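The values are calculated or read from the model by the stated rules, or taken from the named source; none is laboratory data. All values derive from a computational prediction rather than experimental measurement. So basically every Cβ, Gly included, is an ideal-geometry build from the backbone, and we count neighbours across all protein chains shown.
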Amino acid sequence: MEVIGYDPSVPLPPVLQVLKDARAVAVLRTPHAAAAAPALRAVVRGGFRVVEVTLNTPEALQRIAEIASTPDVVVGAGTVLAASEAHAAVGAGARFLVSPVFDPEVLEAAQKLGVPLLPGIATPAEGLRAHRAGAEVLKIFPPPAGGPAWVRTVLAPLPFLRLVPTSGVDLGNAREWLDAGCFAVGFVGALFDADDLAQGRFDRLEVRARALLAALA
């Protein structure tokens with residue numbers, strides 16, 4: 001009988017180990033091109049060591065290239081929907097990729113590039129297919145109606161799935177997602193408040209970053 005899961009004796013790829021240790025990723029998606037760079041710097045000052053820039057953010061590749069040179073910070077590209085985007089993102093300095101869906105072609109591109117891809121999954125069946133295809137960590141998208149309870153339900157029969165919720169994670173429930181068994185969590189709007197980005201209130205992002213990370217301790 002085929003054994004499904006991961007060999008515990010095999011270490012995680014270094015980038016995924018950093019994510020596991022950090023327990024959180026800052027996910028920037030904004031239409032405000034001028035806000036992206038200072039917003040990323042603010043959350044790094046606030047303590048985030050793993051950040052993601054979605055490719056539908058203006059000048060995303062430039063922002064990825066800039067933050068990639070920051071010591072002790074791992075940067076990834078989000079909303080990767082094509083193999084060509086995977087190549088461009090990695091060329092800019094992305095060390096991991098994230099997609100809202102599971103696309104075998106994008107996963108194959110990531111594997112050839114030697115970087116992890118976190119594909120989006122919405123059901124246990126999608127999670128198992130992505131896992132069997134070689135995705136080591138999975139993004140939950142869209143947020144499940146059951147929240148952390150959904151994670152517990154899924155992991156009961158599929159404990160080998162490494163799940164990372166993003167949408168719907170906030171200060172009040174972040175710890176609950178981890179306690180339910182999630183590999184890490186991603187902060188989007190709960191960290192990068194749209195009004196703060198539009199108004200250039202980057203000091204608030206730094207304060208919020210510290211509060212969110214403290215909630216995971």
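Here are a few things to note about the model shown:
- Scan region 149-193 for residues that are closer than 16 Å to LEU212 by Cβ and either over 19 Å from the mean Cα position of the chain (by Cα) or of a type outside the set (Asp, Glu) (or both) and the total you get is 23.
- Which listed residue, of PRO71, PRO119, PRO159, is modelled with pLDDT under 95 and not acidic (Asp, Glu): PRO71
- Selected residue [more than 11 Å from the chain's Cα centre (by Cα) and under 24 Å from LEU178 (Cα atoms)] from PRO119, PRO104, PRO124, PRO100: PRO124
- Some residue of region 133-148 being buried (at least 21 other Cβ atoms within 10 Å of the Cβ), touching a Pro at 6+ places or on another chain (Cβ under 9 Å) and among the small types (Gly, Ala, Ser): yes
- Considering only residues in region 152-175 that are crowded, with 18+ Cβ neighbours inside 10 Å, among the aliphatic types (A, V, I, L, M) and in contact with a helix residue (DSSP H, G or I) (Cβ under 7 Å, 6 or more places away or on another chain), the one that is farthest from LEU118 (Cα to Cα) turns out to be ALA174.
- Residue check, ALA109 in contact with a Phe, Trp or Tyr (Cβ under 9 Å, 6 or more places away or on another chain), farther than 13 Å from LEU16 by Cα and touching a residue at least 24 places away in the same chain (Cβ under 8 Å): no
- Scanning region 98-126 for residues that are closer than 14 Å to HIS87 by Cα, touching a Gly at 6+ places or on another chain (Cβ under 7 Å) and crowded, with 19+ Cβ neighbours inside 10 Å returns VAL98, SER99, LEU107.
- So ARG29, is it closer than 30 Å to THR153 by Cα and not hydroxyl-bearing (Ser, Thr, Tyr): yes
- Among the candidates GLU52, GLU66, GLU85, the residue that is in contact with a Gly (Cβ under 9 Å, 6 or more places away or on another chain), charged (D, E, K, R) and either more than 16 Å from LYS139 (Cα to Cα) or loosely packed, with under 14 Cβ neighbours inside 10 Å (or both) is uniquely GLU66.
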